[in-house]
Amino acid sequence: MPEPTDLLSSVFGFSAFRPGQEEIVEAVLAGRNTLAIMPTGGGKSLCFQLPALCRPGVTVVISPLIALMRDQVRALRAVGVEAGALTSGNTEGETEGVFAALDEGRLRILYIAPERLASGATLSLLRRIGCTLIAVDEAHCVSQWGHDFRPDYLRIGELRRALDVPLAAFTATADEETRAEIVTRLFGGEAPLTFLRGFDRPNLRLAFAVKDTPRAQLLSYAATRRGQSGIIYAATRAKTETLAQALAQGGHSACHYHAGMEADERRRVEVRFQQEDGLIVVATVAFGMGIDKPDIRWVAHADLPKSVESYYQEIGRAGRDGAPADTLTLYGPEDIRLRRSQIDESPAPADRHARLNALLGLAEATRCRRQVLLAYFGETSDPCGNCDLCEQPAALFDGTQAVRKALSAILRTGEWFGAGHLIDILTGTATPKVRERGHDQLPTFAAGRDLTKPAWGAVFRQMMGRDLVRPDPERHGALRMTDAARPILRGEQTITLRRDTLQDAPRTVVKALVADEDAPLLSALKAKRRTLAEAQGVPAYIVFPDRTLIEMAERRPATLDQMAQITGVGAKKLESYGAAFLSVITGAEAAPLHPQRLRLAGREAGAVFDRLHAEQLRLARGEHGTEKPLSCSTTTLRKIAESRPSTLAALEDVGGLGPQRMDRFGAAFLAVLREG
Ligand code: ADP
Ligand code: ZN
């Protein structure tokens, strides 16, 4: 059985496991039933793909979306793994190819769409081809309460029993209920070995900003990230269209996406996003699970998301390759009003108000945002150094008096007015509306002159965010006090607020992916990648993800051996692309390596091969240069370098030398092997 760590580097080109992967791979290899919960981008696929290559037989992967399956099959083929998919999206030729590979026993990983499980033919097919492991991607689709429910997933448990093989389930959704449902439905109630990886995604920068001039804010955000793939989530279909248009006018390549578009139009956007480097998609949350693009460099929210869970899922689409990625969420009082009123019209509003409060707490956080986010998921952490609040701590002040004044203005006007009118009263602005209602006679009139209007705006927004006041839809959004505000009003509790975040909003400093001196090389490598990807009609990241190009630009490999040590450069990709990228780096044609030698690139055996080869040249005409010329085949040299025999007998057993060559080279080769 091949060693997983060997295949990790030779096939996938990774030098180490990501946190959590190794234990999962070991458990799956050992034939245990496993459930792995890892954040998006944690590297779940590898946890079933690697065992699939080490184990005998075929691994069957069940995955909910045809597009995801196709992407994974394509990525596997690019690293030289025999994989195929049976889905309704196949052409006849593709399906025939899969069956041919199965019949010849070549196929190692077979993706099947869940619909296929409904047909009896599938079970007999899986029996016939010798399926030895079932992997279930997005296992939460088996949960009837989640929004990704797929009825066909309910058949997986039955399939597992019928085939009697181990099952490995993967998901990024970790809540208790979903986990319990997975155990019941996929594992027949018998608890699998469960792995729960922490939620943190340290490469994602977190930031929130109050909406000021939202469109301009987003345009400038995109402008500083020109050429990088990004997603902007917006709350309405109309907004996705107008924003995409504004971006296009700003010279960006941008398009919109929402559920109101025709299916094939949506598919076109998905494909473009997948293929192009640097496209911006402005979308509603409908743009989601079907995207499996590891090099999305940023995600922005034009409007406040629905909950912490949706926020986390949506920003989580950025930076799955592990390279730095940026996120920004805009929010304002309008968002709070909108979300609150949506909730009031829904069933179980109390619970949902509480969830919204958690998100608003994150938006108005007064310490490291990641700490607040992780605490929501029950994890503790140190300040992260990679969020807006770590970079520029919030300016805080004791807001107790301000809040009490605001509450008093609200109560004295009968809870019938919105923030605008209340701020006029507090700042002593005698507008006609204020005068008509006699509000200039109230004791609170002008009681808040110590703060500017925008500062009062921030106070009211934070009061809404902390659920001290709620807009009442039946009173056209007039603010009403909640029970949570009483202790402050009565002077039993103090409250700390953030100073108006608009005035001291940090100008976002865009961290470049690489240091200045490496930037030109990175662009040149990207250009090479684009040419190669276009020629083959595949997405750029199939050639190499950003992360690999960044490492190339920083480490600047000078030989194919060094190239083989870059993360993401496995044997197959070294052969396909190594020389092309090396010549970009060195500015010269790469000295070609013999294919047998290339197979050893980046490994110690490569250096041994080179020394054997040198010895062979030296002795080609014997010690004194007088004998009949003799040489060994490169295949033989490679085999010797790989198997490293330590005695003459063992050297002979490698084969390919014969008595004459043993006489000429045997002792010299052994000397090389002993020293190395
Ligand atoms: P998930 O399905 O958990 O969201 P993927 O399986 O798509 O994540 O992996 C995300 C990215 O991380 C992919 O580009 C993958 O190639 C890369 N990756 C996975 N494991 C490793 C590793 N050990 N070292 C480096 N990159 C990895
Ligand atoms: Zn932080």
- Unique match (being in the same structural domain as residue 453 (by TED's automatic domain parsing), away from ligand 1 (no atom under 16 Å from the Cβ) and either among the β-branched types (Val, Ile, Thr) or farther than 17 Å from residue 459 by Cβ (or both)) among 406, 375, 430: 430
- What are the pairs, 6+ residues apart or on separate chains, where a residue within the stretch 284-309 that is under 13 Å from residue 236 (Cβ atoms) and away from ligand 1 (no atom under 16 Å from the Cβ) has its Cβ under 9 Å from a residue that is in a loop (DSSP other than H, G, I, E, B) and among the polar types (S, T, N, Q)? 284/236; 303/236
- Query: Is the stretch 347-364 home to any residue that is over 17 Å from residue 211 (Cβ atoms), within 16 Å of ligand 2 (Cβ to nearest atom) and touching a residue at least 24 places away in the same chain (Cβ under 8 Å)?
  - Reply: yes
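Here is a list: 440, 483, 472. Which entry is farther than 29 Å from residue 345 by Cβ and among the charged types (D, E, K, R)? Full working, then the answer.
Details: 483 fails: farther than 29 Å from residue 345 by Cβ; 472 fails: farther than 29 Å from residue 345 by Cβ.
Sole residue among the options that is farther than 29 Å from residue 345 by Cβ and among the charged types (D, E, K, R): 440.
Just checking, which of 224, 213, 242 is more than 21 Å from residue 310 (Cβ to Cβ), in contact (Cβ under 8 Å) with a residue 60 or more places away in the chain and outside the structural domain of residue 145 (by TED's automatic domain parsing)? Write out each step before concluding.
Numbers: 213 fails: in contact (Cβ under 8 Å) with a residue 60 or more places away in the chain; 242 fails: in contact (Cβ under 8 Å) with a residue 60 or more places away in the chain.
Just a single option satisfies the conditions, and that option is 224.
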- Can you name the number of the only condition in (1) of a type in the set (A, V, I, L, M, F, W, C); (2) assigned by TED's automatic domain parsing to the domain that holds residue 561; (3) surrounded by fewer than 16 Cβ atoms within 10 Å (Cβ to Cβ) that residue 582 fails? (3)
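So that you can scan it fast, the table gives a plain yes or no per residue for (1) part of a helix (DSSP H, G or I); (2) not hydrophobic (A, V, I, L, M, F, W, C):
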| position | (1), (2) |
| --- | --- |
| 274 | yes, yes |
| 285 | no, no |
| 291 | no, no |
| 294 | no, yes |
| 304 | no, no |
| 310 | yes, yes |
| 313 | yes, yes |
| 319 | no, yes |
| 323 | no, no |
- Checked 75, 52 against criteria (buried (at least 20 other Cβ atoms within 10 Å of the Cβ), over 19 Å from residue 569 (Cα atoms) and either in contact (Cβ under 8 Å) with a residue 60 or more places away in the chain or assigned by TED's automatic domain parsing to the domain that holds residue 573 (or both)); the one match is 52
- From the list 417, 445, 460, 397, pick out the single residue that is touching a Pro at 6+ places or on another chain (Cβ under 8 Å) and away from ligand 2 (no atom under 16 Å from the Cβ). 460
- Check on residue 347, outside any helix (DSSP H, G or I) and either away from ligand 1 (no atom under 16 Å from the Cβ) or hydrophobic (A, V, I, L, M, F, W, C) (or both): yes
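Go through the stretch 257-270 and give me each residue that's assigned to a helix (DSSP H, G or I) and under 17 Å from residue 230 (Cβ atoms). Reasoning before the result, please.
First pass over the stretch 257-270, keeping only residues assigned to a helix (DSSP H, G or I): 263-270.
Within the stretch 257-270, 269, 270 qualify.
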- Message: Contact list please: Cβ distance under 8 Å, first residue in the stretch 28-49 and away from ligand 2 (no atom under 16 Å from the Cβ) and part of a loop (DSSP other than H, G, I, E, B), second residue at pLDDT below 95 and among the acidic types (Asp, Glu), pairs at least six apart or on different chains.
- Response: 33/190; 39/200; 41/321
- Could you tell me which numbered condition residue 192 fails, if it satisfies all but one of (1) within 30 Å of residue 300 (Cα to Cα); (2) touching a Leu at 6+ places or on another chain (Cβ under 8 Å); (3) crowded, with 19+ Cβ neighbours inside 10 Å? (1)
- Message: When you scan the stretch 367-378, do you find a residue that is modelled with pLDDT under 90, within 16 Å of ligand 2 (Cβ to nearest atom) and either closer than 24 Å to residue 469 by Cβ or of a type outside the set (A, V, I, L, M, F, W, C) (or both), even just one?
- Response: yes
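The values are calculated or read from the model by the stated rules, or taken from the named source; none is laboratory data. Quick caveat: nothing in here was measured; it's all calculated off a predicted structure. Note that each Cβ is placed from the backbone with ideal geometry, even for glycine, and that neighbours are counted across all protein chains shown.
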